[in-house]
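These notes concern the structure reproduced below.
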Amino acid sequence: MAEEQEQDFSKLSIDDRCAHKNWKARLSGYESLTSLFQTLDDEKSPEFVKYAPIVKKLVVDSNAAAQEKGLAAVLAFVENYATAGKYVEGVVSGIITKCLISPKVKTRETAHEIVLMFV
């Protein structure tokens, strides 16, 4: 029985990883986004604008582990981007439909933190 080799997703761009069909690739992309958002010094950096369209998709990921990392990325986005409030409608609607009813405690807690940051 041959072992499946783990794919190396780090060579793909963050955009490609976040949109990948494999949940492990998305998880890798979400982790990269989290560290990127946390390291940006300028709260009006163009990097925030570049990734803002995909932020609302992170909270509705179909895989629970990837969704949890996606929520961490969204939290970093909201904490560090000066005008994150523009994206409240898309993010919070996803949180309401997918995260607040999650059986995972960490997912619910992070979702609550994001909503409180918007408030």
### Task
Please give, to one decimal in nm, the separation of the simple spin-label points placed at K104 and E43, each 7 Å out from Cα toward the Cβ.
2.9 nm
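Could you give the dipole magnitude of the chain about its Cα centre, charging the beta-carbon of Lys and Arg +1 and that of Asp and Glu -1, in debye to the nearest 20?
Dipole about the Cα centre, nearest 20: 420 debye.
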### Task
Excluding residues fewer than 8 places away in the same chain, name every one of the aspartates and glutamates whose C-alpha is closer than 17 Å to that of K98.
D61, E68, E89, E109, E113
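In µm²/s, what is D for the chain at 25 °C and 0.890 mPa s, where D = kT/(6 pi eta Rh) by Stokes-Einstein and Rh is the Kirkwood radius from Cα pairs?
For the chosen part, D equals 170 µm²/s.
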### Task
Keeping all protein chains in place, calculate the accessible area per residue for the stretch 33-74 (probe 1.4 angstrom), answer in Å².
49 Å²
## Note on the structure
Taking Cα pairs closer than 8 Å and at least 6 residues apart, the relative contact order of the chain in percent is 23 percent
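When the accessible area of the chain is computed with all protein chains present and a 1.4 Å probe, what percentage of it is carbon and sulfur?
53 percent
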#### Entry: Eligible lysines near K24 by straight Cα distance, threshold 18 Å, same-chain separation 8 or greater
K11, K57, K69
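Report, in deg cm²/dmol and to the nearest 500, the calculated mean residue ellipticity at 222 nm for the chain, where each DSSP H run with n ≥ 4 adds -39500 (n - 2.57) and the sum is divided by the residue count. All intermediate terms of the calculation are to be shown ahead of the outcome.
Numbers: 6 runs with 73 residues, N = 119.
Helices in the chain give a 222 nm mean residue ellipticity of -19000 deg cm²/dmol.
The values are calculated or read from the model by the stated rules, or taken from the named source; none is laboratory data. Computed from a predicted structure; not experimentally measured. Cβ sites come from the backbone with ideal geometry, for glycine too, and all protein chains shown count toward neighbours. These accessible areas exclude ligands, DNA and RNA; they are computed on the full protein's heavy atoms, side chains included. Shrake-Rupley method; radii C 1.70, N 1.55, O 1.52, S 1.80 Å.
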